[in-house]
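> Input: one structure, supplied below.
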Amino acid sequence: MPRDYIVLRDLQSAPTAEPFGGAGPRMRGLPSEPVPPEPRIEVERLDPKDVHEISRDPEVAAIAPRMPTRLIEPRDDVETGASADGDAWGIAAVGADVSTFTGAGTVVAVLDTGIDSSHPAFAGVTLVQEDFSGSGNGDVQGHGSHCAGTVFGRDVNGARIGVALGVDRALIGKVLDDDGGGSSEMLFSGIQWAVEGGADVVSMSLGFDFPGLVAALTGDGWPVDLATSRALEAYRGNLRMFDALMNLVRAREAFGGGTIVVAAAGNESQRQQDPDYEIGASLPAAAEGVVSVGALGQEGSALTIAPFSNTFPQVSAPGVAIKSVLVGGGTKDLNGTSMACPHVAGVAALWWEAVRSSPLPATARTVQAKLLASARTDVFAPGVEVADRGVGLVKAP
């Protein structure tokens, strides 16, 4: 039976060895005339025979079944109370309040539910919007605006909410619709658009909806085992698609510095029920080359892992009772790795500025190395495990 597949094409890609495979890019032309990768995302309706045939095309880097995506829903079952009056607490926690850098000259992309461009937090920021969801630009859901506010939002009613206040140009890719749902080709197309648009940092607080795909198939009458198998096939294919796309993103570093891609680890863990109820980081955070982010809360003067935060992130950041933009005006507190991810994106923007003002190579590899190597480990409450908080709390330069 024919199905919709996402096809990632690039003239520098080696032929895939098997369906859903991916390979790293290779240079095209003479060694003295290297050409940057030019990925193209296409959706094609294919049957199994077509998939095998296309996989032998040397332009094809990867093929994956189309898969649903969703925003990582904020958690409202965490006992935190409202954040205190004044600045969002995550600003001081990551050291942005005392950093001499603001992210000036850095371009950040937020791939989410869009943005409330009329909110005072975004005054003075050039917002380049592109809708991949089909629901139009703007943010009805509110998730994308909250995340963008943490990255670069200006002060709201005298309170600081944004990490990188010097960012004056942002790419806003609406890859989730007004209900917070989407599909994987929207995300892949959004990443391609952001990278080609010059994004230094891409922030993604969303995930691939494996349970949703199983539920949709079983709702159509599929047996549970068959639905689960089909969903696993799609998840596997999209993981390899993401890895292949990230290979192309990294290959562009030689032609313009490159892009750091940051993603929320997910909110599926249930440590409040059982300390061992921990779920591993999910896609896209689990893809190769993506900086995955876990969420932290406050415990007195120390930090602890949020009970919902998925395990095995690379780094961690504040993600409980985070004050940021409320669509229509004002601010709202939310909990989630969705709220931690934009802290890391904002700190990455600060590191871009710091590296560009230093003798170091101004590349994504340098910035990511600084981001990871500078993470703090002296701020955690006893018992917080490395597997849950990663290399530590991100720290502004």
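The values are calculated or read from the model by the stated rules, or taken from the named source; none is laboratory data. Remember, predicted model here, so these are calculated numbers, not experimental data. Here the Cβ positions follow ideal geometry from the backbone for every residue, glycine too, while neighbour counts run over all protein chains shown. Ligands, DNA and RNA are stripped out before the accessible areas are found, and what is left, the full protein with its side chains, is counted by its heavy atoms. Shrake-Rupley method; radii C 1.70, N 1.55, O 1.52, S 1.80 Å.
> Between the stretch 270-286 and the stretch 88-135, what's the alpha-carbon centroid distance in Å?
For the stretch 270-286 versus the stretch 88-135, the Cα centre distance is 28 Å.
> Report, to two decimal places, the Cα Rg of the stretch 278-318 normalised by 2.2 N^0.38 Å (N = number of residues). Can you show the working numbers first?
On the way: Rg = 10.9 Å, N = 41, 2.2 N^0.38 = 9.0 Å.
Normalised Cα radius of gyration, the stretch 278-318: 1.21.
> Once you list every other residue whose beta carbon is under 13 Å from the beta carbon of Ala123, what net charge do they have if Lys and Arg are +1 and Asp and Glu are -1?
-2
> Which ³J(HN,Hα) values, rounded to whole Hz and listed in residue order, are derived for the stretch 287-295 from phi using the Karplus coefficients 6.51, -1.76 and 1.60 in 6.51 cos²θ - 1.76 cosθ + 1.60 with θ = phi - 60°, glycine and proline given as x?
Values per residue, Gly and Pro as x: 6, 5, x, 8, 7, 8, 10, x, 9 Hz.
> Let me ask something else about it. Which order do Lys332, Lys174, Lys49 take when ranked by solvent-accessible area (1.4 Å probe, heavy atoms of all protein chains), largest first?
Working: Lys332 100, Lys174 5, Lys49 160 Å².
The ordering from most to least exposed comes out as Lys49, Lys332, Lys174.
> From the backbone phi of the stretch 68-74, what are the Karplus-calculated ³J(HN,Hα) couplings (6.51 cos²θ - 1.76 cosθ + 1.60, θ = phi - 60°) in whole Hz, Gly and Pro given as x?
Whole-Hz 3J(HN,Hα) from phi for the stretch 68-74: x, 10, 8, 5, 7, 4, x.
> Oh, and also: Among residues other than Gly328 whose Cβ falls under 13 Å from its Cβ, what is the net charge (Lys/Arg +1, Asp/Glu -1)? List each step's numbers first, then the result.
Numbers: positive: Lys332; negative: Asp116, Asp139.
Around Gly328, the charge tally is -1.
> Which of these, Ala244, Ala104, Ala317, has the largest mean-square fluctuation under a Gaussian network model of the chain (Cα springs below 10 Å)?
Ala104
> Using only Cα atoms, tell me the angle between helix 364-373 and the longest principal axis of the chain; keep it within 0 to 90° and round to the nearest 10.
50 degrees
> If you take every residue apart from Gln141 with its C-beta less than 13 Å away from the C-beta of Gln141, what net charge results, scoring Lys and Arg +1 and Asp and Glu -1? Walk me through the numbers before you get to the answer.
Values: positive: Arg70, Lys174, Lys332; negative: Glu73, Asp112, Asp116, Asp139, Asp177, Asp178, Asp179.
Here the count lands on -4.
> With each run of n ≥ 4 DSSP H residues scored as -39500 (n - 2.57), what mean residue ellipticity at 222 nm is computed for the chain after dividing by its residue count and rounding to the nearest 500 deg cm²/dmol?
On the way: 10 runs with 111 residues, N = 397.
Computed ellipticity for the chain at 222 nm equals -8500 deg cm²/dmol.
> Can you grab the distance from the C-alpha centre of the stretch 312-364 to the C-alpha centre of the stretch 193-256, Å, no decimals?
When both Cα centres are located, 22 Å separates them.
> Write down the percent of antiparallel bridges among all DSSP beta bridges whose residues are both part of the chain, to the nearest 5. Please list the in-between numbers first.
Values: 29 of 59 bridges.
In the chain, DSSP labels about 50 percent of beta bridges as antiparallel.
> May I pose another question? Label Leu127 and Glu53 with points 7 Å out from Cα along Cα→Cβ: what is the distance between them in nm?
4.6 nm
> Apply the Debye scattering formula to the stretch 125-221, with a single equal point scatterer on each alpha-carbon and no solvent, then give log10 I(q)/I(0) at q = 0.10 Å⁻¹.
Taking Cα atoms of the stretch 125-221 as identical point scatterers yields -0.32.
> Follow-up question, since we're still on this one. Ignoring ligands, DNA and RNA, what percent of the 1.4 Å accessible area of the chain is carbon and sulfur? Walk me through the intermediate numbers first.
Numbers: 7920 of 15410 Å².
That fraction is 51 percent.
> In addition: Could you provide, to the nearest whole Å², the per residue accessible area of the chain with probe 1.4 Å? Can you show the working numbers first?
Values: 15410 Å² over 397 residues.
Solvent-accessible surface per residue comes out at 39 Å².
> Name the shape class, rounded, prolate or oblate, that the alpha-carbon gyration tensor gives for the stretch 225-306, where a ≥ b ≥ c are the square roots of its eigenvalues, rounded holds for a/c under 1.5, and otherwise prolate holds if a/b is larger than b/c and oblate otherwise. Each step should come with its number before you reach the end.
Values: a/c = 5.17, a/b = 1.24, b/c = 4.16.
Oblate.
> Can you pull the one-decimal nm distance between simple spin-label points at Asp274 and Ala302, each 7 Å off the Cα toward Cβ?
Each label point is offset 7 Å from its Cα along the Cβ direction, giving 2.6 nm.
> Let me know the Kirkwood hydrodynamic radius for the stretch 330-381, please, with Cα pairs as the basis and the value in Å to one decimal. Don't skip to the end; give the middle numbers.
On the way: mean 1/r = 0.0785 Å⁻¹.
It works out to 12.7 Å.
> Also, I was wondering about something else. Can you bin the stretch 149-271 into rounded, prolate or oblate? Criterion: square roots of the alpha carbon gyration tensor eigenvalues sorted a ≥ b ≥ c, rounded for a/c under 1.5, prolate for a/b above b/c, oblate for the rest. Provide the component values of the computation, followed by the final result.
Values: a/c = 2.64, a/b = 1.54, b/c = 1.71.
Because a/c hits 1.5 or more and a/b fails to exceed b/c, the stretch 149-271 counts as oblate.
> Enumerate the amide H contacts of Glu268 below 5 Å, restricted to partners 5 or more residues apart or on another chain; note that Pro and chain-start residues carry no placed amide H.
Hits under the 5 Å cutoff: Asn310.
> Can you give me the angle between helix 337-356 and the longest principal axis of the chain, using Cα atoms only, in degrees from 0 to 90, rounded to the nearest 10?
Helix 337-356 sits roughly 90 degrees off the main axis of the chain.
> Moving on. Report, in degrees rounded to the nearest 10, the 0 to 90 angle that the Cα long axis of helix 210-219 makes with the longest principal axis of the chain.
Between helix and principal axis, roughly 60 degrees.
> Separate question: 5 Å is the cut-off here: which amide hydrogens, built 1.01 Å from N in the peptide plane, fall below it relative to Ala61, excluding neighbours closer than 5 in sequence?
Leu8, Arg9, Asp10
> Now a separate question. What ³J(HN,Hα) values, in whole Hz, does the Karplus curve 6.51 cos²θ - 1.76 cosθ + 1.60 give for the stretch 252-266 when θ = phi - 60°, with x put for Gly and Pro?
The phi angles translate into 6, 4, 5, 10, x, x, x, 9, 8, 10, 10, 9, 6, 6, x Hz.
> Say each of Leu360 and Asn137 gets a label point 7 Å from the Cα, pointing the same way as Cα to Cβ; how far apart are those two points in nm?
Inter-label distance under the simple model: 3.4 nm.
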